[in-house]
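One structure is given below, encoded as structure tokens.
Every number here is computed from the coordinates shown, using simple stated rules; none is lab data. Everything numeric here is computed off the predicted structure, so don't read it as measured data. Heads up, the Cβs are rebuilt from the backbone with ideal geometry, glycines too, and the neighbour counts pull from every protein chain shown.
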Amino acid sequence: MTNDSPSRPCYRIILALDIEGSTTRTNSAKARLRTVMYELLEAALHGAGIAECHRDELIDRGDGVLALIHPVDDVPKTVLLNSVMPTLARLLREHNSGHPDRRFRLRAVVHAGEVLYDPRGCFGDALDIAFRLLDAPSVKHRLERTTAPIVMVVSDDIYRYVVRHGYDGIDDHGLESIGRVTVGDARHRGWVQVPEAARYPTVDLSAGVTPSAIP
């Protein structure tokens, strides 16, 4: 009998992305969007000084990607919020503007916690919480209500210990509670935000207008 008990939890900052409406795309279109998503994420990470030595290899999720960043002084949690996310939003906006036939939008989540590894990959409560927040219906609905290229949801831990303290460069405006998601027998609060919200009008869904119809 093998011993499958996890023994070495490793603290990681968690950043995950998911492409909106990927199941409606052809496989060829998905391939192109995945390539761009990876390129934009790598550019945003490197622009913030997060090199390969600061993180695990990016983990593919089909219509998304997971980045697990190591807890080093050179990469505080603040850099995810004041550099990586704004840069990613800008790069995606520029891509969509320059390639209207390949426009796409993203949901993003930022969390942190203990991650476990085995020969098959990574797992643990922290990842369950992050993905449950990322896939929350209220987060998807928030993206539907904006013309912005990306929305970001942060866990309550990130909000409490980073966002609300107003560290330099962190935009704490426009945060909306998404209520709580359930993981196991615990409930976890999240907060959603549209980066650079002032740039983008809110969509009136009752009028039958969708963001995909807006150039």
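Here is how the numbers come out for the structure above:
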{"quantity": "Within a Gaussian network of the chain (alpha carbon springs, distance under 10 Å), most fluctuating of Asn27, Asn82, Asn96", "calculated": "Asn27"}
{"quantity": "Simple spin-label estimate for Tyr117 and Arg160 in nanometres, 7 Å along Cα-Cβ", "calculated": "2.8 nm"}
{"quantity": "GluC sites (Glu not before Pro) lying in DSSP loop within the stretch 48-103, provided at most 14 other Cβ fall within 10 Å", "calculated": "Glu57"}
{"quantity": "Added length on full extension, which subtracts the Cα-Cα distance from 0.36 nm per residue, Thr24 to Arg187", "calculated": "55.6 nm"}
{"quantity": "Distance between modelled label sites at Glu42 and Glu196, nm, 7 Å Cα→Cβ extension", "calculated": "2.3 nm"}
{"quantity": "Inter-label distance, nm, simple model (7 Å from Cα along the C-beta direction), Asp128/Arg8", "calculated": "2.3 nm"}
{"quantity": "Extension reserve of the Thr35-Arg180 stretch, reckoned as 0.36 nm per residue once the Cα distance is removed", "calculated": "48.9 nm"}
{"quantity": "Relative exposure of Thr147, Thr23, Thr78, Thr35, judged by other C-beta atoms within 10 Å (fewest first)", "calculated": "Thr23, Thr35, Thr78, Thr147"}
{"quantity": "Helical mean residue ellipticity (222 nm; -39500 (n - 2.57) per DSSP H run of 4+; nearest 500) of the chain", "calculated": "-8500 deg cm²/dmol"}
{"quantity": "Listed residue (Met37, Val183, Ile129) projecting farthest to the positive dipole end of the chain, Cβ model", "calculated": "Met37"}
{"quantity": "Residues of the stretch 160-185 with amide N under 19 Å of the 7 Å Cα→Cβ point at His141", "calculated": "174-183"}
{"quantity": "Over the chain, relative contact order from alpha-carbon pairs under 8 Å, at least 6 apart, %", "calculated": "22 percent"}
{"quantity": "Computed log₁₀ I(q)/I(0) - Debye formula, equal Cα scatterers, no solvent, the stretch 33-91, q 0.13, 0.14, 0.15, 0.27 Å⁻¹", "calculated": "-0.30, -0.35, -0.41, -1.24"}
